[in-house]
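Have a look at the structure below before the remarks.
The values are calculated or read from the model by the stated rules, or taken from the named source; none is laboratory data. Here the structure is a predicted model, which means the values were calculated and not measured. Cβ coordinates were reconstructed from backbone atoms using ideal geometry, including for glycine residues, and neighbour counts include every protein chain displayed. These area figures cover heavy atoms from the full protein model, side chains too; ligands, DNA and RNA do not enter into them. Shrake-Rupley method; radii C 1.70, N 1.55, O 1.52, S 1.80 Å.
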Amino acid sequence: MNNSTQPNNFISDEKKLRQKRRERADSRFHWYGLTALGLALAFLVFFFVDIIGQAVPAFYQTEVKVNIHYVEAAKTNYNKAVDHKLRRVVSRAWLRTLPVYLKRHPELIGNNIKQWVPADSRVDQYIKQHNGHGLKSKYQRIVDAMAEEGRIRQVFNIRFFTSGDSKLPENAGIFSAAVGSIFTLLITMLIAVPIGVMTAIYLEEFSEDNHFTRIIEVNINNLAAIPSILYGLLGLAIFINFAGVPRSSALAGGLTLALMTLPIIIIATRAALQSVPSSIREAAFGLGASRWQTTWHHVLPLAMPGILTGSIIGLAQAMGETAPLLIVGMVAYVPDAPDNILEAATVLPAQIYTWAGESLRAYEERTAAAILVLLTVLLSLNGLAVYLRKHFERRW
Amino acid sequence: MPQHTIKRFDEELDKLKELVLSMGGLVERAIGHAVKSMLDQDEALAKKTIERDKAINALEVQCDEMTRDILVRRQPAAGDLRFIMGIIKVVTDLERMGDLSAGIAEGTLRSLEHPPKEFSNLSTMGKKVQKQVNRTLNAFSRGDTELAMRVIEKDERIDVLYKRMYRELLTYMIEDPRDITASIILSNVAKNLERISDHATNISEMLIYIERGHDIRHVDHEAAAKLLSGEEI
Amino acid sequence: MNTSKVNIKDLKLWYGESEALHGIDIEFSEKRVTALIGPSGCGKSTLLRCLNRMNDRIPGCRIEGQILLDGDDIYAPEVDVVQLRTHVGMVFQKPNPFPKSIYENVAYAPRIHGLAGSGSDMDELVETALRRASIWKEVKDKLHTPGTALSGGQQQRLCIARTIAVQPNVILMDEPCSALDPIATAKIEELIDELKREFTIIMVTHSMQQAARISDQTAFFYMGDLIEFGETGTIFTQPEKQQTEDYITGRFG
Ligand SMILES: Nc1ncnc2c1ncn2[C@@H]1O[C@H](COP(=O)(O)OP(=O)(O)OP(=O)(O)O)[C@@H](O)[C@H]1O
Ligand SMILES: [Mg+2]
């Protein structure tokens, strides 16, 4: 026990040396860690600042105060409603709506009203002082003069949230993409969550451990690692070519994403079930509860936070997915929001993808704004997952 | 028997046994000295024997402390439990044997004023009892139940010896009333020897309980022998 | 007075290829406490879990031989395991109350077996069970707080209350005190002493002292064999077999 040859000395020189070395190594690691964290944070901050900086202008729309001539001729040629020199200043998208408006309100004919109307996207970009606004110098002078007279203002761009895609950027919004995303996600959720959870329960609580179930397990784990675009091909083959689901529809997209989300939900649910202590199962079985009662009354409630978190994260991932939807045709020009799940639809990330490819400068800020919206939704979903986990854990 | 997983326990049991044996050794010598002091009318030896009884008493206390410690710390079971229980009793018996030897030595001191003419067969009886004690201690140290059985059987002969001597002393007293005091002292000495042999028998019985787990204290010899041989199968 | 309650005849058990019990013959008497002792891995838990067929859940586990409960073979094909487990309750090594209220913990089994409706009937049943497990006084004011918030010893008594709520005949306990302090252990032991008036109790314990304190009979197992079975007093003072002696005197391995 007691080693009398070595004096039990806490503070010998050699030990001090070791201590110094240890402390140096500790602090070195401390700094490595801090540096890594700092880098990650810097990237994140850079990304957010950049996106927000680009996106904010999209939430504002330039309006100009011009004379609108409500004349008979405007019913057929909307260009007649404004002075010739202002034709490129006023939004063409707005002008286009005039004939219909006039037909509905014939009493306006003959009036000459000075009013605020949306500006053309080039004017908008010019006012926002973006490079590459594309406004000819002739118009620049007109706009400058108008600005001088106080006939130019910026208002909140409600259209960005209420209208669908458009070839005219000042009229392009995320509404139809959002509706498409909601439809798609609902389908994904309604299909992937119940099937995934039931599969996991079966594998975890009911199935015997044999070759068959083991093969299934291995496959499920591998499925989660498959590139998502392959799910698009699978969806195309099964749902569209075989089952005849309409192309580009929310149903096709939702089913495809459900395929992709399924393994994630199964794996998360199984992990949640495995984390329920087996002593709880033994207690229930020992009291004569059946398998189903044991699972339903005791195991599932305890696994719920994990299952919910896993499902929400799976769904959030599905929501941000573009690649598989590309294949089932959901990356399309969809100006009007779909009314049902069989109509052609697009989703937010797909909308972002489309806009990112547009050449007009005005789409650039809309892309950023859509990204911001998507990010907000995803972060909220993750926040919801955290909240639900906390909420359920707090109960017991 | 295999060793205990806790080695200290083995050491403690060995130590206890050693202690009891050394106590037995002291007792054995005390008996011899006491009887010798009587036969030789040796005052000094008698006094020394009485003095030495204190050492035996001290050993008893020491043994009791050890058994108590073992009980508290080791919570012995089965064979160990029987051993500890046995030791508690054996130590009491040994201490009594020590006292009885001291009693004989005291008899010697008293008999100096009334020297007996005749010691009858005190010498034989003394040797026999000493032999009994010696056998008992040997049996105890080796765990030899057969030897212990022999001690138990031989106790009867000591009883017979005692009765014979008592009768002989009685006739002396009737013959010559002046011998009465000396004879009473002698008969008390004989009684003490007979009691010592009884205690040796108790120890032997205890040994059988320790080794075999059979309590043969209150059964007759044949039944006891049967019990033991039944074990042998 | 010692009528046999559970009678095991030549029970062999395999986990896959390895034989864990090599032909056990033992009879457990009614309303007595039997302690199962033996070194780790000797098959005590395995035997115990055979008695309410908890081993059914283990893949690859198969048995041979018979286990008779009141003369009926519990492994007969017509036996409903759920019913069997209401007759043979089990208390586990680690207290494992459900993460629900104390009331729910006790009411759960009676409810799923339809022993009482939910109103006052159930209240009464819960109270009786908690009283018999001598924990009523400690929890009567917090029946609707989580059972998991109790102390370890209280949790274990709650588990016992939960087990006796369905009025089993036999209670199996697998090292019920191994996670408890001496006071809580003493309370459980006192409780077991009470419970044996009504129930047949079979318990596994690693504490020789505990087996000696509370059991009427003791069975010593070694490597899947029953080495010795008898009255506790006898086993602990003069066991017949050398292996038993070595084990209970701490001379093993
Ligand atoms: N589920 C199982 N699968 C395979 N082998 C098992 C299983 N459970 C137990 N065994 C084996 O059976 C034997 C007996 O195990 P058991 O759990 O009954 O021992 P025990 O006596 O209860 O031990 P302990 O005192 O440690 O609880 C051991 O060798 C063990 O490895
Ligand atoms: Mg066990």
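Data for the structure
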quantity	calculated
Interface size B-C, as summed buried accessible area [1.4 Å probe, Å², nearest 100]	1200
Sulfur and carbon atoms: percent of accessible area, segment B:7-229 [1.4 Å]	51
Averaged over B:80-86, number of beta-carbon atoms from partner chains that fall within 10 Å	2
Share of carbon and sulfur in the accessible heavy-atom surface of chain C [1.4 Å probe, %]	48
Cross-link reach list, aspartates and glutamates versus C:Lys241, counting only Cα pairs under 15 Å and skipping chain neighbours closer than eight places	B:Asp80, B:Glu211, B:Glu231, B:Glu232, C:Asp225, C:Glu228, C:Glu231
Inter-chain Cβ neighbour average for residues B:68-79, partner chain, 10 Å	4
Å² of accessible area per residue within segment A:175-392, as computed with a 1.4 Å probe and no ligands counted	43
Per DSSP, loop trypsin sites (Lys or Arg not before Pro) in segment C:150-200 with at most 13 further Cβ within 10 Å	C:Arg197
Approximate spin-label separation C:Asp70-C:Asp181, in nm, with each point projected 7 Å along Cα-to-Cβ	4.1
In Å, descending, principal axis extents of the Cα set of segment A:2-56	75, 18, 10
Kirkwood Rh and Cα Rg combined as Rg/Rh, segment A:1-118	1.76
Net charge, C:Lys94 excluded, C-beta distance under 11 Å - Lys, Arg +1, Asp, Glu -1	-3
Amide H within-cut-off set for C:Ala20, under 5 Å, with H built and near neighbours excluded	C:Leu13, C:Trp14, C:Tyr15
Around C:Ala212: net Lys/Arg minus Asp/Glu count, Cβ-Cβ under 12 Å	-2
Size of electric dipole in the protein assembly as shown: Cβ of Lys, Arg +1 and of Asp, Glu -1, about Cα centre, debye, nearest 20	5340
Ranking by accessible area, most exposed first, for C:Glu240, B:Glu106, A:Glu282 with a 1.4 Å probe	C:Glu240, B:Glu106, A:Glu282
Peptide C:151-164 - average C-beta neighbours from other chains (10 Å radius)	1
Overall form of segment B:125-233 per C-alpha gyration tensor (a/c, 1.5; a/b vs b/c)	prolate
For segment C:47-87, average projected area of the Cα convex hull in nm²	3.0
Mean shadow area of the protein assembly as shown over all directions, Cα convex hull, nm²	64.8
Share of carbon and sulfur in the accessible heavy-atom surface of segment A:58-174 [1.4 Å probe, %]	48
Buried on assembly, segment B:1-27 (at least 20 Å² less accessible surface than by itself, 1.4 Å probe)	B:Met1, B:Pro2, B:His4, B:Thr5
Counting all C-alpha pairs of chain A, share separated by more than 34 Å (%)	52
Alpha-carbon gyration tensor eigenvalues x 5, square-rooted, for segment B:97-174, Å	29, 16, 8
Cα gyration tensor category, rounded, prolate or oblate, for segment A:203-331 with a/c compared to 1.5	prolate
Estimated D of segment C:16-90 in µm² per second, where Rh is the Kirkwood radius over Cα pairs and Stokes-Einstein applies at 10 °C, 1.306 mPa s	117
FRET E, pair B:Glu146, B:Ser22, Förster distance 22 Å, beta-carbon r, rounded to 0.05	0.35
Compactness of segment C:96-158, expressed as Rg and Dmax over alpha-carbon positions, Å	10.8, 30
Expected 222 nm ellipticity per residue - DSSP helices of 4 or more, -39500 (n - 2.57), all of chain A, to 500	-19500 deg cm²/dmol
Farthest toward positive dipole pole in chain A [+1 Lys/Arg, -1 Asp/Glu at C-beta], among A:Val245, A:Gln54, A:Tyr333	A:Gln54
When the convex hull of its Cα atoms is projected in every direction, mean area for segment C:166-253 (nm²)	6.6
Cα pair count fraction exceeding 16 Å, expressed as % - segment A:307-366	55
Cα pair distances of chain C binned at 5 Å [whole percent]	1, 6, 13, 17, 19, 16, 13, 8, 4, 2, 0, 0
Amide N proximity, segment C:42-59 versus A:Gln293 label position 7 Å along Cα-to-Cβ, cut-off under 16 Å	C:53-54
Rg over Rh [alpha-carbon atoms, Kirkwood Rh] for segment C:130-201	0.94
Dimensionless Rg over Rh [segment A:60-160; C-alpha; Kirkwood]	0.98
Gaussian network model of chain C, springs between alpha carbon atoms under 10 Å - residue of C:His144, C:His206, C:His87 with greatest fluctuation	C:His144
Alpha carbon centroid spacing (whole Å) that separates segment A:294-364 from segment B:115-136	111
Heavy-atom accessible area per residue - segment B:7-229, 1.4 Å, Å²	48
Protein accessible surface hidden between C and A, which excludes ligands and nucleic acids, total in Å², probe 1.4 Å	1900
Within chain B, helix-based [θ] at 222 nm, where runs of 4 or more DSSP H residues each add -39,500 (n - 2.57), nearest 500	-30500 deg cm²/dmol
Rounded tilt (10° steps) of A:361-395 against the dominant C-alpha axis of chain A	40
Overall dimensions of segment B:7-229 by Cα: Rg and Dmax, Å	18.8, 65
Label-reachable residues, segment A:60-86, where backbone N falls under 11 Å from a point 7 Å from A:Leu108's Cα toward its Cβ	A:68-71, A:75
Along each principal axis, Cα extent of segment A:175-392, largest first, Å	69, 39, 29
DSSP-assigned coil residues among chymotrypsin sites (Phe, Trp or Tyr not before Pro) in segment A:297-391, each with at most 14 further Cβ atoms within 10 Å	A:Tyr333
